[in-house]
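K.L.:
Pasting a structure below so you can have a look.
The values are calculated or read from the model by the stated rules, or taken from the named source; none is laboratory data. Bear in mind that the values here come from a model prediction, so they are computed numbers and not experimental data. Neighbour counts are summed over all protein chains in view; Cβ atoms, including those assigned to glycine, are modelled from backbone coordinates with ideal geometry.
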Amino acid sequence: MSQVIAIINQKGGVGKSTTAINLAAALGDLGRHVLVVDFDPQGNATSGFGVNKDALEADVYDALMDEDTTLESVIVASCVDGVDVAPATIQLAGAEIELVSVMARESVLRYALEPVRGEYDYVLVDCPPSLGLLTVNALVAADSLLIPIQCEFYALEGLSKLLESMRLVRGRLNPSLDVFGVVMTMYDARTILSRDVVGNVRDYFGDKVFQTVIPRNVKLSEAPSHGLPANRYAPASKGAQAYEALAREVVAHG
Ligand code: ADP
Ligand code: MG
C-alpha cells in the first residue's frame with residue numbers, strides 16, 4: 001500500500017527539504033520505492049538530488065498545468081536505487097496564481113499522483129514555506145503529514161495555523177488526513193534550549209513525535225551542494241545515521 005506523506009511546515013528553514021531528501025534516500029537504502037515530489041518553486045529537493053534543472057524538458061509545474069504532460073513523464077531517477085524525483089523549478093511559482101482559475105484547483109496534485117502512486121511505497125511531497133494553494137494541494141493529495149520542527153525558541157509558533165488548515169481540508173476534501181509524525185530537527189545537545197524545545201513539542205504532540213531527533217550536523221548542510229543525500233556524501237556522519245534511524249521508525253510505523 002503506497003502512502004503519500006506531505007513534509008510540511010509553513011515556516012521556512014526548518015528542515016523540510018533536508019528531511020525529504022535524506023528520509024527518501026534512507027528509505028531507498030532500506031529497499032523501499034520512493035518518489036520525492038518537489039513542490040517548492042525553490043527546487044531544493046531537486047538540486048539536493050543532483051538533478052540539473054537547466055536540462056529538464058518538463059517538471060512538476062507542467063504536470064500540474066499542462067493536460068498533455070503526465071506526472072510520470074517528468075519523473076527522473078536519483079542516485080539512490082529505488083528513489084525517483086518529480087523535479088521542480090522556479091516556474092512552479094506561477095502555479096500558485098494560475099491554479100486559482102483551474103477546475104478543482106485544490107485537487108490537481110491528487111489527480112496527477114493517482115496513476116503513479118501505486119508504483120511506490122512512499123510518495124514524499126516537499127512543501128513550500130507557505131499555506132497557499134500549492135500547500136493546500138499537498139494537504140488534499142496526502143494520506144498524512146510529517147512535520148519537521150526546528151529546535152529553536154519559536155518552534156511551536158504558527159503550528160496552530162497549520163493544524164487548522166489540516167482540519168479544514170479534512171472536513172471538506174480529505175476526511176482521512178492525519179499527522180503521521182513530528183520530527184525534531186537541528187538539535188544541539190549542548191544547549192538547554194534544544195532540550196526544552198523537544199520537551200515542549202512532546203508535551204504538545206505526545207507520541208506523534210518520533211524518538212529519532214535529527215542533530216545539527218554540518219554534513220547535512222554540505223551534502224546538497226554536492227547534489228547528494230547525506231547517506232551518499234558522508235554515510236558515517238551523525239546526520240546520515242539519524243535519517244536512517246528515522247527511516248526505520250517510518251517503516252515500523254506502517
Ligand atoms: P526548509 O525546506 O524547511 O526551508 P531546509 O531543509 O532547506 O529547510 O533547511 C534549511 C537550512 O538548514 C539549509 O541550509 C539546510 O542545509 C540546513 N539544515 C537543515 N537541517 C539541518 C541539520 N540537521 N543540520 C545542519 N543543517 C541543517
Ligand atoms: Mg525547502
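K.L.:
Based on this model, can you work out whether Lys219 counts as out of contact with any Leu (no Cβ under 6 Å at 6 or more places or on another chain), at pLDDT 95 or above, farther than 24 Å from Gly43 by Cα and not polar (S, T, N, Q)?
P.N.:
Values: out of contact with any Leu (no Cβ under 6 Å at 6 or more places or on another chain): yes; at pLDDT 95 or above: yes; farther than 24 Å from Gly43 by Cα: no; not polar (S, T, N, Q): yes.
No; evaluated as a whole, the condition is false for this residue.
K.L.:
Right, something else. So which residues in the stretch 222-254 are within 16 Å of ligand 2 (Cβ to nearest atom) and without any contact (Cβ under 8 Å) to a residue 24 or more places away in the chain, if there are any at all?
P.N.:
Ser225
K.L.:
Give Gly171, Gly158 a once-over and let me know the one that is more than 16 Å from ligand 1 (Cβ to nearest atom) and among the small types (Gly, Ala, Ser). Let's see the steps before the verdict.
P.N.:
Values: Gly158 fails: more than 16 Å from ligand 1 (Cβ to nearest atom).
On inspection, the qualifying residue turns out to be Gly171.
K.L.:
Pairs please, first residue from the stretch 132-143 and in contact (Cβ under 8 Å) with a residue 40 or more places away in the chain and outside any helix (DSSP H, G or I), second anywhere and crowded, with 24+ Cβ neighbours inside 10 Å and not β-branched (Val, Ile, Thr), Cβ atoms under 6 Å, 6+ apart in sequence or on different chains.
P.N.:
Ala142/Ala6
K.L.:
State whether one or more residues within the stretch 231-253 are in a loop (DSSP other than H, G, I, E, B) and in contact with a strand residue (DSSP E or B) (Cβ under 9 Å, 6 or more places away or on another chain).
P.N.:
The answer is no, given that none of the residues of the stretch 231-253 is in a loop (DSSP other than H, G, I, E, B) and in contact with a strand residue (DSSP E or B) (Cβ under 9 Å, 6 or more places away or on another chain).
K.L.:
Working only within the stretch 26-51, note down all residues that are part of a helix (DSSP H, G or I), touching a residue at least 60 places away in the same chain (Cβ under 8 Å), in contact with a strand residue (DSSP E or B) (Cβ under 6 Å, 6 or more places away or on another chain) and farther than 20 Å from Asn137 by Cβ. Explain how you work it out, then say what you get.
P.N.:
Going residue by residue through the stretch 26-51, those that are part of a helix (DSSP H, G or I) are 26-29, 44-48.
Those still in the list that are touching a residue at least 60 places away in the same chain (Cβ under 8 Å) too: 26-27, 29, 44-45, 47-48.
Now narrow it down to the ones that are in contact with a strand residue (DSSP E or B) (Cβ under 6 Å, 6 or more places away or on another chain): 27, 45.
The one that is part of a helix (DSSP H, G or I), touching a residue at least 60 places away in the same chain (Cβ under 8 Å), in contact with a strand residue (DSSP E or B) (Cβ under 6 Å, 6 or more places away or on another chain) and farther than 20 Å from Asn137 by Cβ: Leu27.
K.L.:
Residues to consider are Ser225, Ser221, Ser194; find the one that is surrounded by 14 or more Cβ atoms within 10 Å (Cβ to Cβ), among the polar types (S, T, N, Q), within 15 Å of ligand 1 (Cβ to nearest atom) and assigned to a helix (DSSP H, G or I). Full working, then the answer.
P.N.:
Working: Ser225 fails: surrounded by 14 or more Cβ atoms within 10 Å (Cβ to Cβ); Ser221 fails: surrounded by 14 or more Cβ atoms within 10 Å (Cβ to Cβ).
Exactly one of Ser225, Ser221, Ser194 is surrounded by 14 or more Cβ atoms within 10 Å (Cβ to Cβ), among the polar types (S, T, N, Q), within 15 Å of ligand 1 (Cβ to nearest atom) and assigned to a helix (DSSP H, G or I), namely Ser194.
K.L.:
Residues in the stretch 1-25 that are part of a helix (DSSP H, G or I) and surrounded by fewer than 19 Cβ atoms within 10 Å (Cβ to Cβ): how many? Don't jump to the end; show me each part of the working.
P.N.:
First pass over the stretch 1-25, keeping only residues part of a helix (DSSP H, G or I): 16-25.
Of the ones still in play, those that are also surrounded by fewer than 19 Cβ atoms within 10 Å (Cβ to Cβ) are none.
Looking only at that region, the number is 0.
K.L.:
Take the stretch 87-124 and flag every residue that is among the charged types (D, E, K, R) and part of a helix (DSSP H, G or I).
P.N.:
Scanning the stretch 87-124 gives Glu96, Glu98, Arg105, Glu106, Arg110, Arg117, Glu119.
K.L.:
Would you mind finding the one in Asp54, Asp62 that is more than 21 Å from Val108 (Cα to Cα) and either part of a helix (DSSP H, G or I) or modelled with pLDDT of 95 or more (or both)?
P.N.:
Numbers: Asp62 fails: more than 21 Å from Val108 (Cα to Cα).
On inspection, the qualifying residue turns out to be Asp54.
K.L.:
Any idea which of Gly94, Gly43 is within 16 Å of ligand 2 (Cβ to nearest atom), of a type outside the set (A, V, I, L, M, F, W, C) and more than 28 Å from Gly254 (Cα to Cα)?
P.N.:
Details: Gly94 fails: within 16 Å of ligand 2 (Cβ to nearest atom).
After applying the criteria, what remains is Gly43.
K.L.:
While we're looking at this one, here's another question. So, Phe153, is that one in a loop (DSSP other than H, G, I, E, B) and not aliphatic (A, V, I, L, M) or not? Explain how you work it out, then say what you get.
P.N.:
Values: in a loop (DSSP other than H, G, I, E, B): yes; not aliphatic (A, V, I, L, M): yes.
Yes: the conditions hold for Phe153.
K.L.:
Looking at (1) away from ligand 1 (no atom under 15 Å from the Cβ); (2) under 19 Å from the mean Cα position of the chain (by Cα); (3) surrounded by 14 or more Cβ atoms within 10 Å (Cβ to Cβ), which one does Val125 not meet, given that it meets all the others?
P.N.:
Unmet for Val125, out of (1) away from ligand 1 (no atom under 15 Å from the Cβ); (2) under 19 Å from the mean Cα position of the chain (by Cα); (3) surrounded by 14 or more Cβ atoms within 10 Å (Cβ to Cβ): (1).
K.L.:
Quick check, is Ala45 touching a helix residue (DSSP H, G or I) at 6+ places or on another chain (Cβ under 9 Å), among the small types (Gly, Ala, Ser) and within 11 Å of ligand 1 (Cβ to nearest atom)?
P.N.:
Numbers: touching a helix residue (DSSP H, G or I) at 6+ places or on another chain (Cβ under 9 Å): yes; among the small types (Gly, Ala, Ser): yes; within 11 Å of ligand 1 (Cβ to nearest atom): yes.
So Ala45 fits the description; yes.
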